[in-house]
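The values are calculated or read from the model by the stated rules, or taken from the named source; none is laboratory data. Treat the numbers as computed from the prediction; the structure is a model and nothing was measured. Neighbour counts run over all protein chains shown; Cβ positions are idealised from the backbone, glycine included.
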Amino acid sequence: MIDKEIGEIRRHLRRERSNITAIYGCYVNENKEIISQFRQSTGMMPENESDKYFALLRRTLSGSIGKNLIDITFKTSQVAGSPEHQLLMDLKKTQLKDDELRSELCKKIIENVDIEGNYLILLACDSYDVPFKSKDDTFQKDQSEETYTYLLCAICPVKQTKANLHYVAEEKIFHDGAMAQMVSAPSLGFLFPAFDNRSTNIYNALYYTKNIKESQDALVEAVFNAPIPKPAAQQKQSFEALLTTSLGDECDLNVVQTVHEQITQRIEMHKEAKVAEPLMISKEDVKEVLSSCGISDANMAKFSVDYDEVFGFEADLHPKNIIDSKKFEIQTPDVVIKVDPARSDLIETRIIGGVKYIMICADENVEVNGVNIHIGDKEPATV
């Protein structure tokens, strides 16, 4: 799914627009024991309460594609008749009304999810009459192309608030308030089936994770039985380590500057072109950048082999998962230098008198701890 398609579903996912008639919940404690299960009619809820449920569901469609929102792809054989895909299809077909099917999904989640403390599993089934979209990107709401029916799951931590004084209006005084169980924003969730090219795609699901550093491999395996990319933070660490280990002594400042600069340029060009499809970086794209830096054939070959081992054969990567285009930082054990990425050219490395130095061009104003300092106009005399 692309940003526009996710945004279209998010805009629909509101009390006054959605066709969700009921929200199902399963409240679980830290020992993986079910405390309660419930079904709440959205039509019978107070509006402010209903809005809060919808806000939680929308959060599972937030964040960055490739980081927080990850495409899950089912194999053709799974779609043809695997138990995990069939369960999702049956839940969609019955619109979550079958108690046994819901219990089966909740059981998979409870047995495999890794969450500290209590949590709430929310399930909803919605249908969206997909309006016709003209060439100028305007919607013809009275002309529906298809009805897209989908499931949403949100897994929300429940935290206990501290007892505090609270104001009682009738008595015009403050009293000690009881502790309460508060539902937090979802940590995990998913949408099934995907909404690709503004149409139902039962070969894909959209998986949500709030924490891009953590993986929930057991949960993904149990619910989807499909491979999932490394978490975004791990991809970045792996890419950085890959450059270091495969390029060896050729991994210098110029190489890192060039990789950062050229990938950033691709991100900006993609953004300016307003291309709907997400930008991906291939192994060949990275090799092209490394080649421009004069990397030897031997190290290029090692990079190619190591890349496949780390990320999978010929895997494509989201550029924002491997570089931070808004950050350029140099570290030694005792020094941290932060540079505007657009001016990384101000930094260079040199060896002077056998000692390695990081050189910073400082022709303009220089501040140290907020104090403007003066750098002498003359070079020191050599002895």
With respect to I20, determine if the residue is assigned to a loop (DSSP other than H, G, I, E, B), surrounded by 16 or more Cβ atoms within 10 Å (Cβ to Cβ), hydrophobic (A, V, I, L, M, F, W, C) and in the same structural domain as F224 (by TED's automatic domain parsing).
yes
In this structure, does V275 turn out to be of a type in the set (A, V, I, L, M), surrounded by 10 or more Cβ atoms within 10 Å (Cβ to Cβ) and assigned to a loop (DSSP other than H, G, I, E, B)?
yes
Would you say A163 is modelled with pLDDT of 90 or more, surrounded by 11 or more Cβ atoms within 10 Å (Cβ to Cβ) and among the aliphatic types (A, V, I, L, M)?
no
Determine whether segment 201-220 contains at least one residue that is more than 28 Å from V310 (Cα to Cα) and outside any helix (DSSP H, G or I).
yes
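Condition check ((1) among the aliphatic types (A, V, I, L, M); (2) within 24 Å of N118 (Cα to Cα); (3) out of contact with any Lys or Arg (no Cβ under 9 Å at 6 or more places or on another chain)) across all residues:
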{"residue": "E16", "(1), (2), (3)": "no, no, yes"}
{"residue": "D51", "(1), (2), (3)": "no, yes, no"}
{"residue": "K75", "(1), (2), (3)": "no, no, yes"}
{"residue": "E104", "(1), (2), (3)": "no, yes, yes"}
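This table checks each residue for (1) at pLDDT 95 or above; (2) of a type in the set (D, E, K, R).
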{"site": "Q140", "(1), (2)": "no, no"}
{"site": "Q143", "(1), (2)": "no, no"}
{"site": "V158", "(1), (2)": "no, no"}
{"site": "K172", "(1), (2)": "no, yes"}
{"site": "V183", "(1), (2)": "no, no"}
{"site": "G189", "(1), (2)": "yes, no"}
{"site": "K210", "(1), (2)": "no, yes"}
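Quick one: in segment 88-135, which of the residues that are in a loop (DSSP other than H, G, I, E, B) and among the hydroxyl-bearing types (S, T, Y) is nearest to L191 (Cα to Cα)?
This residue is T94.
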